[in-house]
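Novice: The structure's right below; bear with me while I get my questions together.
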């Protein structure tokens, strides 16, 4: 986890324009406040179901 304003280069690299934004294994992105089930689905996709 990083503070987007403290790492502007990373923020630009990953297209972070609002927070929260979570990037998982550089393959899945979750933006904004989402239900736990949505977040879990993204984690499972990013880890091929091995979370």
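Novice: Mind listing just one residue for me: the one in the stretch 26-51 that is surrounded by 11 or more Cβ atoms within 10 Å (Cβ to Cβ) and assigned to a loop (DSSP other than H, G, I, E, B) and, of those, modelled with the lowest pLDDT?
Specialist: In the first step, residues of the stretch 26-51 are kept if they are surrounded by 11 or more Cβ atoms within 10 Å (Cβ to Cβ); the result is 27-31, 34, 38-47, 51.
Restricting the remaining residues to those that are assigned to a loop (DSSP other than H, G, I, E, B) gives 27, 34, 47, 51.
Values: 27: 94, 34: 95, 47: 95, 51: 60.
Here the answer is 51.
Novice: Within the stretch 6-22, can one find any residue that is at positive phi, touching a residue at least 12 places away in the same chain (Cβ under 8 Å), surrounded by fewer than 12 Cβ atoms within 10 Å (Cβ to Cβ) and under 11 Å from the mean Cα position of the chain (by Cα)? Walk me through it before giving the result.
Specialist: First, pick out the residues of the stretch 6-22 that are at positive phi: 15.
Restricting the remaining residues to those that are touching a residue at least 12 places away in the same chain (Cβ under 8 Å) gives none.
So far as the stretch 6-22 goes, no, none of its residues is at positive phi, touching a residue at least 12 places away in the same chain (Cβ under 8 Å), surrounded by fewer than 12 Cβ atoms within 10 Å (Cβ to Cβ) and under 11 Å from the mean Cα position of the chain (by Cα).
The values are calculated or read from the model by the stated rules, or taken from the named source; none is laboratory data. Keep in mind it's a predicted model, so treat the numbers as computed, not measured. Virtual Cβ from ideal backbone geometry, glycine too; neighbours counted across all protein chains shown.
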